[in-house]
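The values are calculated or read from the model by the stated rules, or taken from the named source; none is laboratory data. Computed from a predicted model, the values in this text were never measured in an experiment. Quick reminder, even Gly has a Cβ in these numbers, built from the backbone with ideal geometry, and neighbours come from all protein chains shown. Protein only, heavy atoms only, side chains kept; ligands, DNA and RNA dropped before computing areas. Shrake-Rupley method; radii C 1.70, N 1.55, O 1.52, S 1.80 Å.
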Amino acid sequence: MDISVVIPLLNEQESLTELHDWIAKVMQSNHFSYEILFIDDGSTDHSWDVISKLSTNNNNVKGIRFFKNFGKSQALHAGFAQAKGDVVITMDADLQDNPDEIPELYSMIKSDGFDLVSGWKKKRYDSVISKNLPSKLFNWAARKTSGVKLNDFNCGLKAYNLEVVKHIDVNGEMHRYIPVLSKNAGFTKIGEKVVQHQARKYGETKFGMDRFIHGFLDLITIWFLSRFGRRPMHLFGALGFIMFTIGFSFAIYLGADKLFLNPGGRLITQRPQFYIALSTMIIGSQFFIAGFLGEIILRNKQDKKRYLVKDKLNLD
């Protein structure tokens with residue numbers, strides 16, 4: 001199979017048929033073998049009914065429905081697990097991503113050898129204050145902390161080599177950082193393509209300003225995990241050593257001062273250095289304990305399901 005199109009969605013009943021027809025037209029005109037995977041992330045409208053009807057009329061349409069809204073990352077994870085195409089395309093269901101971009105994205109993966117190609121919505125039709133400016137700040141911070149030189153990390157339109165989606169773990173709200181996850185997994189040939197962004201035709205956006213706050217928090221998390229996720233003792237042990245050394249040095253100084261240099265001076269407990277020494281040694285010990293606990297948890301963790309699938313269509 002040439003292409004798997006993975007489409008996570010939440011309450012997009014108005015756009016699904018039009019999106020399906022558009023994708024099918026592109027696939028047929030380019031003679032691609034394909035599948036369309038709709039991942040219904042707990043919609044409360046008639047989205048699943050529309051997907052069911054589409055799958056009846058077109059065997060290339062497949063569907064997964066969650067029991068409730070588990071989030072876009074979990075929807076992508078479920079879609080990636082089922083994808084079979086040599087190239088996996090992700091796009092949003094709101095018709096803001098243009099399916100006409102698919103052939104060139106496919107070519108960049110297959111012919112140019114990219115592991116991942118991310119879309120760049122250079123010209124956007126969103127609110128400047130609520131979306132465009134926060135997005136620019138977010139992308140700048142992501143470039144600086146991750147080392148991945150992309151202009152638009154959060155664009156839903158992306159293309160992947162199948163091997164990439166089978167080896168990365170998208171969880172929490174890490175869908176914004178799939179290029180970073182890919183780089184950390186060893187897939188370093190990451191490209192970018194300017195894509196057409198279209199104004200939303202139906203409904204309203206499902207994301208508010210809080211997504212940027214969550215995005216920055218997730219950025220800190222992925223920075224930490226990429227560097228210390230498999231070796232927490234390297235961070236906490238180093239901090240613990242530094243803090244404990246500072247405290248122990250103060251303690252030696254206070255003891256030498258009281259015993260040899262100034263025996264008749266103030267009591268040690270009346271000196272601020274005593275409390276600095278005590279506090280830093282305690283904090284250093286706690287960092288060491290945190291590092292040991294992190295190592296123990298890492299070695300004994302067991303993966304558990306992050307979402308529950310209610311129904312499937314045209315899938316084994």
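Quick notes on this one:
Matching residues to (1) open to solvent by 90 Å² or more (accessible area, probe 1.4 Å); (2) within 15 Å of Gly237 (Cβ to Cβ):
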{"site": "Leu259", "(1), (2)": "yes, no"}
{"site": "Pro272", "(1), (2)": "no, no"}
{"site": "Leu278", "(1), (2)": "no, no"}
{"site": "Gly294", "(1), (2)": "no, yes"}
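- Criterion violated by Lys72 - all others in (1) modelled with pLDDT of 95 or more; (2) in contact with a His (Cβ under 7 Å, 6 or more places away or on another chain) satisfied: (1)
- Here the helices (runs of 4 or more DSSP H) wholly within the range 157-255 that include at least 1 residues being crowded, with 18+ Cβ neighbours inside 10 Å and at pLDDT 75 or above are 162-165, 178-184.
- Members of the range 1-19 found to be open to solvent by less than 10 Å² (accessible area, probe 1.4 Å) and closer than 21 Å to Ser33 by Cα, listed by number: Ile3, Ser4, Val5, Val6, Ile7, Leu16, Leu19
- Figure legend. Inter-residue proximity from the range 179-197: first residues in contact (Cβ under 8 Å) with a residue 24 or more places away in the chain and closer than 13 Å to Asp152 by Cβ, second residues surrounded by 15 or more Cβ atoms within 10 Å (Cβ to Cβ) and of a type in the set (Phe, Trp, Tyr), beta-carbon distance below 8 Å, spacing 6+ or different chains. Indicated pairs: Pro179/Phe153; Ile190/Phe114; Gly191/Phe114; Glu192/Trp120; Lys193/Trp120; Val194/Trp120; Val195/Trp120.
- Failed condition for Thr245, given (1) of a type in the set (S, T, N, Q); (2) within 30 Å of Val170 (Cβ to Cβ); (3) over 32 Å from the mean Cα position of the chain (by Cα): (2)
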